[in-house]
Amino acid sequence: MTVFDDLVGQDQATAVLRRASAAAREVVEGGRGAGMTHAWLFTGPPGSGREDAARAFAAALMCPDGGCGHCDQCHQVLIGSHPDLESVRPEGLSYSVKQTRELILRAAGAPTQGRWRVILFEDADRATESAANALLKAIEEPPPRTVWLLCAPALDDLMITIRSRCRAVNLTTPGTEAVAHVLATRDSVPWETATFAARAAQGHISRARALALDEGVRRRREAVLGIPRSLTGVGECISAAERLVKTAEEEAAAATTTLNESETTDLRRLYGEGSTGKGLNRGLVRGGAGALKELEDRQKSRATRIKRDSLDSALLELVSFYRDVLAMQFGAGVELANDDIRFDLDQLARACTPEETLRRIDAIMQCRERLGANVNPQIAVEAMMLALRP
Ligand SMILES: [Zn+2]
């Protein structure tokens, strides 16, 4: 088992990354490491797992065994708490030059654990032109142990000057069959559940796995897919919005509470709390308070990110619902993501026009954009629900 095993149907990309990890290891061990590159560009459509691939590669760089998947280094990278991994995504709709400059400064530091300093730049296509120029300079002259992993939907989304300095790894969306196969063989999921999960997740392997294995995830999906038929009036729209936002908050809380506590305990221990305090260096204590504050800030922004991600995945679920409705309205013989609720889809498909369905998909996409731009979630989701109302 390695960190690359989850990159289903990405044999070509995986082969490249494995070779590069071996080269990176050579460098760490003082060798030449031919084939190691300091700037990478992961491209692929949404759901192809470009961020997953970049993260797996980051783990392989940090891990003494080239990405074993179970050591401390791998684990910290995969859950996003590795001190040498900086994972960034635009806070608004685009990266500002100021954000990028700060990032470049941090990127220049030496790795704290001796291997690599990795910057995972998600949605690099959203960097503004001046931000991209700042980024270009950083990529042109990388510190010896810094590796940039940029992610974008397609090569064309980035300036040619950046593109030409990166090694490209292209990911493709794996088919339902391939994903189901992995779930069935590796996770021993019964075939029927595996196909259901693979179809519903539309090629997102981690989502498919969660759907197949976690009853809570399945229930949340059902609740989201039940929303369209519940929107019978304004009051219903508002309460549906409330529920959706609250679920995202609960998910974020569940995902972060234990992690936060153990991080805080570790940090307090690091700064000597629990000792008698006699020989305790005062500067160290002051430093401790600052570090604790910094950790709290980081935890807060992580919770916000998880909450936003959770909300976004619910919105994508809704998009898949209306996309299925549209496919039925056009009589397109494509595979339905939500085949298990065909009856609901069919009812709505008959009750409205394709134009209305398209308008609803637009409303959801607009809501996603507004959330990305930091609009209050309750307000953005409410407006969307009202637009979805028949
Ligand atoms: Zn490992």
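The values are calculated or read from the model by the stated rules, or taken from the named source; none is laboratory data. Just so it is clear, the structure is predicted and the values come from calculations on it, not from any experiment. Positions of Cβ are backbone-derived with ideal geometry, glycine not excepted, and every protein chain shown enters the neighbour counts.
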> Of all residues in the stretch 74-84 being closer than 25 Å to T43 by Cβ and not aliphatic (A, V, I, L, M), which is farthest from the ligand (Cβ to nearest atom)?
Replying inline: G80
> Does at least one position in the stretch 345-361 carry a residue that is within 24 Å of the chain's Cα centre (by Cα), within 27 Å of E242 (Cα to Cα) and either modelled with pLDDT of 95 or more or loosely packed, with under 14 Cβ neighbours inside 10 Å (or both)?
Replying inline: yes
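Conditions tested, residue by residue: (1) within 16 Å of the ligand (Cβ to nearest atom); (2) in contact (Cβ under 8 Å) with a residue 24 or more places away in the chain; (3) in contact with a Gly (Cβ under 8 Å, 6 or more places away or on another chain); (4) closer than 24 Å to R19 by Cβ.
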residue	(1), (2), (3), (4)
F42	no, yes, no, yes
D65	yes, no, no, yes
C68	yes, yes, no, yes
D72	yes, no, no, no
E86	no, yes, no, no
V97	no, yes, no, no
G114	yes, yes, no, yes
A131	no, yes, no, no
> What are the residues in the stretch 218-276 that are loosely packed, with under 15 Cβ neighbours inside 10 Å and not in a helix (DSSP H, G or I), if any?
Replying inline: G226, T232, G233, E273, G274, S275, T276
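Condition check ((1) closer than 20 Å to A131 by Cβ; (2) out of contact with any Pro (no Cβ under 7 Å at 6 or more places or on another chain); (3) assigned to a helix (DSSP H, G or I); (4) not aliphatic (A, V, I, L, M)) across all residues:
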position: G33; (1), (2), (3), (4): no, yes, no, yes
position: A59; (1), (2), (3), (4): no, yes, yes, no
position: D65; (1), (2), (3), (4): no, yes, no, yes
position: G69; (1), (2), (3), (4): no, yes, no, yes
position: H82; (1), (2), (3), (4): no, yes, no, yes
position: Q99; (1), (2), (3), (4): yes, yes, yes, yes
position: L105; (1), (2), (3), (4): yes, yes, yes, no
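Does I119 satisfy the condition of being outside any strand (DSSP E or B), surrounded by 13 or more Cβ atoms within 10 Å (Cβ to Cβ) and not small (G, A, S)?
Numbers: outside any strand (DSSP E or B): no; surrounded by 13 or more Cβ atoms within 10 Å (Cβ to Cβ): yes; not small (G, A, S): yes.
In short, no.
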>> Taking the condition of being closer than 16 Å to W40 by Cβ and not aliphatic (A, V, I, L, M), how many residues in the stretch 128-143 meet it?
In response: 3
>> So, restricting to helices (runs of 4 or more DSSP H) that lie completely within the stretch 287-390, which ones have at least 3 residues that are under 22 Å from R207 (Cα atoms) and without any contact (Cβ under 8 Å) to a residue 60 or more places away in the chain?
In response: 354-372
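In the stretch 126-167, what count of residues is obtained for those that are outside any helix (DSSP H, G or I) and among the β-branched types (V, I, T)?
Taking the stretch 126-167 and keeping what is outside any helix (DSSP H, G or I), we get 127-128, 141-154, 158-159, 164-167.
This time we only want the ones that are among the β-branched types (V, I, T), so: 128, 146-147.
Of the residues in the stretch 126-167, 3 are outside any helix (DSSP H, G or I) and among the β-branched types (V, I, T).
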